[in-house]
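Visitor: The structure follows.
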Amino acid sequence: MKEKILSKAKELFFKFGLRSVSMDDICRELGISKKTIYLHFDTKDKLIEGGMKQHKEEEVAVMKAIRLNAHNAIDELLRLSQHVAEMLTELTPTLIYDCQKYYREIWTEFETLNNEYIYNDIHSNLKRGVAEGLYRDDFDIDIIAKLYLSLSSSVIDLDTFPSQKYNTRVVFQTYIMYHLKGIATPKGMEILHQLLEKQKEQ
């Protein structure tokens, strides 16, 4: 029941934002009593925190699976970017705004943990790409990984890319191409074009 509550709460939070979804809304959607939900989560803040934690764990599991199944570093990054782009379509501006304004502590904690994981993931991808001869070897991997982290965070910055003007998915995919074309070797560029052609055919 706890996992069902978290999943439904996360679904509603992503769709409508944090402020507009009440404990009553979640109970109504699940067909349970308030006594049941408060048995597992005594406050809405605890439910939000649990939802964010569940979301992060799910994302980490997906990214690990992608890394294991990818044929090379560029294939890995394209698969990751496709997954993130799909996830970003669910991440409504209302949710981001509510997190940043009303639940800053939870957002900061989640962002810190998430950034640490993404940094390690991109650092690993860069090392893999260099070893495979798909990425150039004339840059500092630590600096590029941190630049990736910083620039990718700006994708969901509503001041930089307001949702009324920019499609978040398109902005992120544009950034990934910018990133890859800046570090790929001629061999890497050839593989990138091949993979992009395959994506178009699917």
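Visitor: Starting from 0 in steps of 5 Å, tell me what percent of the Cα-Cα pairs of the range 155-202 lands in each bin.
Guide: Per 5 Å bin, starting at 0, the Cα pair percentages come out as 5, 19, 19, 20, 14, 13, 9, 2.
Visitor: Could you give the Stokes-Einstein D for the range 1-82 in µm² per second, using the C-alpha Kirkwood radius, 10 °C, 1.306 mPa s?
Guide: Numbers: Rh = 14.2 Å.
In µm²/s, the coefficient rounds to 112.
Visitor: For helix 44-69, what angle does its Cα long axis make with the longest principal axis of the chain, in degrees from 0 to 90 and rounded to 10?
Guide: 30 degrees
Visitor: Of all the accessible heavy-atom surface of the chain, with the other protein chains kept in place and a 1.4 Å probe, what percent is carbon and sulfur?
Guide: Values: 6090 of 11610 Å².
Heavy-atom surface of the chain belonging to carbon and sulfur, 1.4 Å probe: 52 percent.
Visitor: Cα to Cα, under 18 Å, and not fewer than 8 places away if on the same chain: which aspartates and glutamates meet these conditions relative to K187?
Guide: D75, E76, E132, D137, D138, E197
Visitor: Mind scanning K4/K46; K165/K200; K56/K101; K15/K146; K4/K53 and naming the pairs with a C-alpha gap bigger than 23 Å? Mind dumping the intermediate values first?
Guide: Values: K4/K46 15 Å; K165/K200 26 Å; K56/K101 20 Å; K15/K146 30 Å; K4/K53 14 Å.
Distance filter (> 23 Å) returns K165/K200; K15/K146.
Visitor: Can you tell me which of K127, K146, K34 moves the most in a GNM of the chain? Springs connect C-alpha atoms under 10 Å apart.
Guide: Maximum among the listed residues: K34.
Visitor: I would also like to ask the following. Just how far, in whole angstrom, is the range 72-130 from the range 1-61 if you go by their alpha carbon centroids?
Guide: Cα centroid of the range 1-61 versus Cα centroid of the range 72-130: 21 Å apart.
Visitor: Then there's this: Counting only the heavy atoms of the protein chains, how much of Y135 is accessible to a 1.4 Å probe, in Å² to the nearest 10?
Guide: 10 Å²
Visitor: If I ignore ligands, DNA and RNA and count only protein heavy atoms, how much of F139 is accessible to a 1.4 Å probe, in Å² to the nearest 10?
Guide: 40 Å²
Visitor: Roll a 1.4 Å probe over the protein heavy atoms and report the accessible area of S20 in Å², nearest 10.
Guide: 70 Å²
Visitor: In addition: With the other protein chains left in place, how much accessible area per residue, in square angstrom, belongs to the range 89-152 at a 1.4 angstrom probe?
Guide: Values: 3580 Å² over 64 residues.
Accessible surface, normalised per residue, equals 56 Å².
Visitor: With Rg and Dmax of the Cα atoms in Å as the read-out, I listed (1) 16.9, 62; (2) 19.1, 62; (3) 20.2, 64; which label goes with the value calculated from this structure?
Guide: Computing Rg and Dmax of the Cα atoms in Å and matching it to (1) 16.9, 62; (2) 19.1, 62; (3) 20.2, 64 gives (2).
The values are calculated or read from the model by the stated rules, or taken from the named source; none is laboratory data. Values in this document were obtained by computation on a predicted structure and should not be read as measured data. The area values use the complete protein model at the heavy-atom level, side chains included, leaving out ligands, DNA and RNA. Shrake-Rupley method; radii C 1.70, N 1.55, O 1.52, S 1.80 Å.
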